[in-house]
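The values are calculated or read from the model by the stated rules, or taken from the named source; none is laboratory data. All values reported here derive from a predicted model rather than from experimental measurement. Virtual Cβ from ideal backbone geometry, glycine too; neighbours counted across all protein chains shown. Only protein heavy atoms, including side chains, enter the accessible area calculation; ligands, DNA and RNA are left aside. Shrake-Rupley method; radii C 1.70, N 1.55, O 1.52, S 1.80 Å.
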Amino acid sequence: VNLIFDIASNYTVNHLYTVNPMVNRVVHICFFVTIAAMFLLIYMYLATIVEKELDRPLRGRRLTYVPFIIVVLVDIFAPIYYKEVPSGNYSYGPGVVILYVSVIFYVGLIIWHISRFRKNISKRNRVAVALGLVSVMVASLFQMIFPAALTSSLGVLLFCLFMYMTVANPDVVLIGLLKEETARADAANRAKSDFLAKMSHEIRTPINAVIGMNEMILRESTEQDIRKYSNDIKSSANTLLSIINEI
C-alpha cells in the first residue's frame, strides 16, 4: 500500500500544475501516514517476538501508538509545501518533520528492545532486524540528504525482505515448530520412561515380598490345603511379575 502511494505521490508532486491540489494533498497524507504505520508495525512485530520469548506482554506497548496518532493529526491539519528542483519535486513542512521524528523514535525503540532483550531474542532474529534497520536508516538518510530521491519505501521494502527470508518464511517457521514439537515429544517420552521405571520398581517390591513370604509358608507348612493355596499364590505372583517385566 505504501509503495502505491509512493508512486502516486511521486507523480502528483511532479505534476503540481495539472493535478488537483486536494488530490495531491490526500495522496501525500496517505503516503506519510503509511510510512509511520510501517515503522509502527515493524516495532510491533519485534515486540511480538520478544513477548513470545518472554511469555508475557511488554509494559507500555500501547503508548507506542501515540507518535503514530500525532503523525496522522499533524499531516491532516498542518500545511504541506512543495519544492520544485531540476532533479524532481518533493514535499516538506511540519508533516514531513514530524514523520521523521516518529521514524527516529520507532527505530530507537527497536534498537533499545534489541539491546535490552538480546538474551531473549535468537541470534537469527537479531541479525535479521539489524540488517533490515541498516537498510531503512541508509535509505532514510539518503532521502534526507537528497529529498527528491524518494528512497524511504525502498528501505522498508528491504527490511520486509530480510525479515521474510530469515524469520517469517514459512519454511523457517515450520522448522521452528518442528523443533518445538520434537522437544515436546522427547520430554513426553522421557516422562513415560521415568514413570514406567518408577512404577515397575514400586510394584516389584511388594510382589517380591509376597513371593518371599509365600516361600516360607511352602517350606514350613505340612498341611495339604495350605500348600495348595500357597502354590496358587506362587503361580499368580510369578505370572504378575512376568507381566511387569515385559512392560
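Counting residues in the range 101-110 that are buried (at least 18 other Cβ atoms within 10 Å of the Cβ), in contact (Cβ under 8 Å) with a residue 24 or more places away in the chain and within 16 Å of the chain's Cα centre (by Cα) gives one or more. When the criteria are applied in full, Ile98 fails the requirement of being β-branched (Val, Ile, Thr) and either surrounded by fewer than 17 Cβ atoms within 10 Å (Cβ to Cβ) or touching a residue at least 60 places away in the same chain (Cβ under 8 Å) (or both). On the basis of being open to solvent by 60 Å² or more (accessible area, probe 1.4 Å) and touching a Lys or Arg at 6+ places or on another chain (Cβ under 8 Å), does Tyr92 make the cut? The answer is yes for Tyr92. Ile98 meets each of the listed conditions (1) under 21 Å from Met137 (Cβ atoms); (2) touching a Cys at 6+ places or on another chain (Cβ under 9 Å) apart from (2).
Any chance the range 79-89 includes a residue that's of a type in the set (Lys, Arg) and either surrounded by 17 or more Cβ atoms within 10 Å (Cβ to Cβ) or touching a helix residue (DSSP H, G or I) at 6+ places or on another chain (Cβ under 8 Å) (or both)?
The answer is yes; a qualifying residue exists.
Pairing residues of the range 70-91 that are in contact (Cβ under 8 Å) with a residue 60 or more places away in the chain and closer than 12 Å to Leu16 by Cβ with residues that are β-branched (Val, Ile, Thr) and open to solvent by 80 Å² or more (accessible area, probe 1.4 Å), at Cβ distances under 8 Å and at least 6 apart in sequence or on separate chains, gives no pairs at all. Could you run through the range 194-247 and say how many residues are basic (Lys, Arg), in contact with a helix residue (DSSP H, G or I) (Cβ under 8 Å, 6 or more places away or on another chain) and exposed (fewer than 10 other Cβ atoms within 10 Å of the Cβ)? Total satisfying the criteria: 0. Test Asn120 against the criterion of being polar (S, T, N, Q), over 24 Å from Cys30 (Cα atoms) and open to solvent by 50 Å² or more (accessible area, probe 1.4 Å), and give yes or no. Yes. Cβ separations smaller than 7 Å between residues 6+ apart or across chains give the following pairs from the range 182-201 residues that are in contact (Cβ under 8 Å) with a residue 12 or more places away in the chain to residues that are open to solvent by 60 Å² or more (accessible area, probe 1.4 Å): Leu196/Ile247; Ser200/Ile247. Of all residues in the range 230-247, which are within 14 Å of Ser200 (Cα to Cα) and of a type in the set (Asp, Glu)? Glu246 - this is the single residue of the range 230-247 that is within 14 Å of Ser200 (Cα to Cα) and of a type in the set (Asp, Glu).
Residue count for the range 123-143 under the criterion of being open to solvent by 30 Å² or more (accessible area, probe 1.4 Å) and either closer than 12 Å to Ile42 by Cα or of a type in the set (A, V, I, L, M, F, W, C) (or both): the result is 8. Of the listed requirements (1) at pLDDT 75 or above; (2) within 23 Å of Asn24 (Cα to Cα), Ser87 misses just one: (1). A residue that is under 36 Å from the mean Cα position of the chain (by Cα), in a helix (DSSP H, G or I) and within 22 Å of Leu154 (Cα to Cα) cannot be found anywhere in the range 47-66.
Looking for something open to solvent by less than 70 Å² (accessible area, probe 1.4 Å) and at pLDDT 85 or above - is there at least one such residue anywhere in the range 54-62? No: the range 54-62 contains no residue that is open to solvent by less than 70 Å² (accessible area, probe 1.4 Å) and at pLDDT 85 or above.
Within the range 68-97, the residues that satisfy the criterion of being over 29 Å from the mean Cα position of the chain (by Cα) and part of a helix (DSSP H, G or I) are Leu73, Val74, Asp75, Ile76, Phe77, Pro94, Gly95, Val96, Val97.
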